[in-house]
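In what follows, a structure is listed as structure tokens, so that the remarks can point back to it.
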Amino acid sequence: MPLTRSWYRDSAGPTASYAPLTGRQHADVCVIGAGYTGLSAALELAAAGLRVRVLEAEQPGWGCSGRNGGQINPGLACDHQVLQRALGPADALRLWHLSLAGVQLIAQRVERYRIDCDLTPGILLVANRPRQLPALHRWQDELQQLGYDQLSFHDRDGLRLLLSADYQGGVLDAGGGSLHPLRYVLGLARAAEQAGAQIHDHSRVSAIQQDATGVTVSTDQGQVRADQLIIGGNAYSGGLLPWRHRRFIPVGSYIGATRPLGELAEQLIPSRLAVCDMNNLIDYYRLTPDNRLLFGGRATAGAARMDRLRTTMRQRMGHVFPQLAEEDFDYLWGGQVAMTASRAPHFGRLGSRVLYAQGYSGQGVALTGLAGKLLAEAVLGRGDGFELFARLRHLPVPPGSALQTAVRAMALSWYALLDRRG
């Protein structure tokens, strides 16, 4: 994935550097991945007094945690009925409340650890076509029946006061929001280090060996011997998980950042809310503090050509905001999102000493932090939230990158066809 230079990286300010792993080291828990999941787990475990080492192939926040759209949503990416069928009404409701705790966890950590990440409340879910309005109303009713009182519906005319784009209507979720994802993940890294966790960047894991007394995790320059291991690499876990445990397919997703738009920015989104539409292949966007428009979407099955990607992204942005039809992007970047068949996240274990969480399906800003906390609690023997998520069953993915690419391409074509319906 060459599209790693983002506006986030250039606006994050100075970043800390961490020494690569060298020699033979020991820890109570080794964590693979310095993104939201891994750092959240490391923070909780170190705060509990455990010796923790975090191994990151690049640097903290290099993957999706530092490149995503920064939109915070309660709930999971799948419909609540999926959870009810899998777990029953009572446990599905427990998962819903855990997802709310994941949203609250962000605000708590931002305040406690003084993380400057432009945390902003409120997000809009908007209907592109008239046929989507009934589904939008059902979604609002469903969440209200779950006791969630943060939603307000705005018809087409009312929505215009919040957003100068042509949608059929929308629901404002006051409980959601947005943030600068890279600043947030760098703040988590600082907090984890201050709690006692040792972070090693440029320490790509090459092998994992589990036996009766512990786990050995190897890199090119060193080894960690630990009692337990957490794998938090999500779409970038690569071959660390056996094929039968992956249960997700990585899908490319992309974001562009315009030049600072000045007063035009306020005309486009007077409310300055984050926005996401209801298509299967979504558009999502928001304004930055310096009045750039961050515009995301455009899923791909394989590698994206920069020229075609730029053209497509500009067309999509111009369709939503005709005023920007001639605008280009100062930045254009992307990354891999781990999608499961059900869109529910995938938690699990390998033997008795290795735990993992992955497959957040595009809704991971809050869920990843929650996952890290639940992974830590499972290691510490506290609570059963991890086990509840692990009860969700997932369809296997086809083996081999070529076959997976073909499946991705067919799925994306099908979703694009559904989105074109009137």
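Read-outs throughout are calculated quantities, based only on the coordinates presented, and are distinct from any laboratory measurement. The structure presented is a predicted model; accordingly, all values stated were derived computationally and were not measured. Note that each Cβ is placed from the backbone with ideal geometry, even for glycine, and that neighbours are counted across all protein chains shown.
Of note:
- Mean Cβ count within 10 Å, highest first, over the residues of peptides 366-379, 221-234, 149-162: 366-379, 221-234, 149-162
- Scaled against 2.2 N^0.38 Å for its residue count N, the alpha carbon radius of gyration of the chain is 0.95.
- Largest GNM mean-square fluctuation among H319, H394, H180, using the chain with Cα springs under 10 Å: H319.
- Quotient of C-alpha Rg and 2.2 N^0.38 Å, computed over the stretch 272-402: 1.34
- Put in line by how crowded their Cβ is, counting other Cβ atoms within 10 Å and starting with the fewest, S17, S6 read S17, S6.
- Relative to the longest principal axis of the Cα atoms of the chain, the long axis of helix 133-145 makes an angle of roughly 50 degrees.
- Ranked list, fewest to most other Cβ atoms within 10 Å of each Cβ, for R247, R204, R5: R5, R204, R247
- Pairs of C-alpha atoms in the stretch 55-174 farther apart than 26 Å represent 35 percent of all such pairs.
- Sequence-distant residues sharing a close amide H with R292 (under 5 Å, placed H): L261
- Dimensions (Å) - the stretch 235-340, Cα atoms, principal axes, largest first: 52, 29, 24
- From most to least packed by mean Cβ count within 10 Å, the peptides 90-103, 129-142 give 90-103, 129-142.
- The C-alpha atoms of the chain define a longest principal axis, and helix 401-420 lies at about 30 degrees to it.
- Helix 364-380 vs. the chain, principal-axis angle (Cα, 0 to 90°, nearest 10): 20 degrees
- Peptides 82-88, 345-351 ordered by average Cβ neighbours within 10 Å, highest first: 345-351, 82-88
- In this structure the amide hydrogen of M339, modeled in the peptide plane, comes within under 5 Å of the amide hydrogens of I249, V251, none closer than 5 places in sequence on its chain.
- Top of Q168, Q323, Q198 by mean-square fluctuation, Gaussian network on the chain, Cα under 10 Å: Q323
- Build a GNM of the chain with springs between Cα atoms under 10 Å apart, and of L182, L395, L287 the one that fluctuates most is L395.
- Fraction of beta bridges assigned by DSSP in the stretch 7-412 that are antiparallel (%, nearest 5): 70 percent
- Of the residues Y167, Y360, the one with the fewest other Cβ atoms within 10 Å heads the list, and the complete ranking is Y167, Y360.
- 3J(HN,Hα) along the stretch 5-21, derived from phi through the Karplus expression 6.51 cos²θ - 1.76 cosθ + 1.60 where θ = phi - 60°, amounts to 7, 10, 4, 4, 4, 6, 10, 7, x, x, 10, 6, 10, 10, 6, x, 5 Hz, with x in place of Gly and Pro.
- Amide H within-cut-off set for S203, under 5 Å, with H built and near neighbours excluded: E56, A57, E58
- Cα Rg over Rh - the stretch 189-290, Kirkwood: 1.14
- C-alpha center-to-center spacing [the stretch 362-390, the stretch 190-252] in angstrom: 17 Å
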